[in-house]
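Here the structure comes first, spelled out in structure tokens, and everything after it is commentary.
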């Protein structure tokens with residue numbers, strides 16, 4: 001058997017996004033004032049901190065506000081319980097709360113279900129500002145709100161005359177957020193991380209008005225696992241009761257293969273057996289033991305389990321039945337029109353597959369084995385799936401000029417041409433194809449949608465990964481607008497922030513405020529076009545960003561085939 005992605009390799013994608021996000025927080029040019037803004041929620045006074053951004057704009061920050069009971073003890077591996085108020089007295093909200101339990105991050109805690117709020121300083125409780133709510137990515141392996149600094153978003157919203165409130169929330173990851181197996185199913189313990197997000201959204205509905213936000217004008221946005229989460233919540237969660245708009249960055253329902261929880265029963269059994277105190281726990285009755293052990297033992301067991309299995313994503317969302325959040329394969333539900341009709345923006349980056357593709361791949365056999373392990377774990381692949389993979393190898397020939405990173409010709413960066421081939425297939429199967437299927441189905445159903453394609457070569461940091469997954473985050477958070485030495489790149493970042501804020505404010509990226517820039521056409525059945533975010537379309541010394549509008553037909557034959565067999569890929 002060909003070696004599969006190691007846990008460290010699989011975590012590299014999440015760590016890349018994490019590293020980009022860390023830059024976001026580190027680069028914010030902030031100074032702290034002695035002022036301590038206060039907001040009353042229920043019986044508690046929440047005390048935050050005011051910061052000065054770029055020496056002029058005041059931004060209030062409230063961090064670590066609990067929105068659910070600590071998921072410990074009997075609430076470990078259980079649905080979240082809304083904590084409607086932080087309690088009596090005063091809550092010190094001047095720091096972010098602890099990240100949820102995960103690898104390679106300090107200060108983690110199971111008591112992590114908290115959220116954070118950025119707003120223009122002095123916002124009145126009756127201001128009724130639009131709200132942008134962020135869901136982080138990290139492959140359902142990791143992620144934390146504390147590395148995302150929304151100061152530039154808030155500042156630009158004020159400068160353009162459309163101030164917003166920003167919220168970010170933590171959700172459980174790994175086995176803490178996504179237990180697997182039939183016992184989790186019978187205990188209503190599936191997709192807990194998604195349920196954390198819903199409870200956080202409920203808290204925002206109940207209390208964001210105290211911070212000056214309008215609960216009727218919430219736009220949820222996220223990247224990678226964050227975008228996948230939002231897309232999953234479109235399927236059967238009643239998301240329309242919590243938000244009025246969404247933005248998907250590099251992720252759709254079906255970006256990860258979906259199965260019933262029983263598919264990974266062996267994973268849960270191995271996880272339990274790697275906890276010394278629970279090694280002899282009776283199968284199907286493991287939760288009571290697993291709820292009683294210390295966090296460190298579970299984290300160690302999780303790492304041992306990840307090292308044992310070749311499948312990339314052991315703990316991730318699953319199909320949880322007719323009354324669940326993900327009742328069936330997304331491709332089936334979307335084709336049947338069974339999804340929330342909430343307006344959205346959806347887009348992808350040029351080279352989505354490179355971060356997930358093992359660099360050791362050097363033969364066609366390894367390409368095939370990689371897809372079998374990734375898409376058909378813990379079961380013999382069906383004849384139809386094997387035929388699908390064979391067809392893919394014909395549609396994506398071993399020609400480096402056609403591979404990803406796209407547009408790099410015959411350059412292989414010291415790797416095999418098969419790496420570029422596998423990266424192209426993976427990027428299209430997991431991101432480009434699912435995005436195209438999603439936006440086409442929604443627009444056909446009359447949902448206002450807008451599509452983008454982020455291709456800016458200035459975002460490349462590692463040549464063999466190209467314009468990789470997560471490379472747009474710093475642009476969207478406005479940090480590229482602050483830190484890039486290239487004027488055109490700063491302008492691109494500012495434009496992207498402008499579009500995002502405009503959509504949150506008015507459900508269109510074209511509210512006419514802020515920068516003068518290209519009108520972003522709506523994606524419609526008779527106009528399937530994308531806005532291409534790339535500085536290559538700018539005039540020399542441009543002060544007004546002009547973007548190309550391109551047809552959404554790149555690799556039409558290949559992606560069309562992928563979309564036609566989505567069910568075989570668990571999409």
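Every number here is computed from the coordinates shown, using simple stated rules; none is lab data. The model shown is predicted, which means the values in this text are computed figures rather than measured ones. All Cβ positions, glycine included, derive from the backbone under ideal geometry; neighbour counts span all protein chains shown.
With neighbours defined as other Cβ atoms within 10 Å of a residue's Cβ, the residues 269, 553 order from fewest to most as 553, 269. Counting neighbouring Cβ atoms within 10 Å and putting the fewest first, the residues 475, 554 line up as 554, 475. Ellipticity at 222 nm from helices only: DSSP H runs of n ≥ 4 in the chain, each -39500 (n - 2.57), divided by the residue count, give -9500 deg cm²/dmol. Packing order of peptides 277-285, 368-376, highest average first: 368-376, 277-285 (average count of other Cβ atoms within 10 Å over each peptide's residues).
Between residue 292 and residue 262, the modelled labels are 2.9 nm apart [label points 7 Å from Cα along Cα→Cβ]. Relative contact order of the stretch 7-348, taken over Cα pairs closer than 8 Å and 6 or more residues apart, is 18 percent. Remark: 199, 81 ranked as 81, 199, counting other beta-carbon atoms within 10 Å and listing the fewest first. Quick check: the distance between the Cα centres of the stretch 301-353 and the stretch 140-184, to the nearest angstrom? Spelled out, the Cα-based centre of one part sits 18 Å from the other. Computed packing ranks the peptides 303-315, 521-533 as 303-315, 521-533, most packed first, by mean other Cβ atoms within 10 Å.
Using the average count of surrounding beta-carbon atoms within 10 Å as a protection proxy, the listed peptides 383-395, 558-570 rank, highest first, as 558-570, 383-395.
Overall size of the chain from C-alpha positions, given as principal axis extents largest first: 64, 63, 43 Å. Working from label points 7 Å from Cα in the Cα-to-Cβ sense, the residue 542 to residue 522 distance is 2.5 nm.
Per residue, the average separation of C-alpha pairs within less than 8 Å and at least 6 apart gives the stretch 305-387 a relative contact order of 25 percent. Under the criterion of Cα pairs below 8 Å and six or more residues apart, the relative contact order for the chain equals 15 percent.
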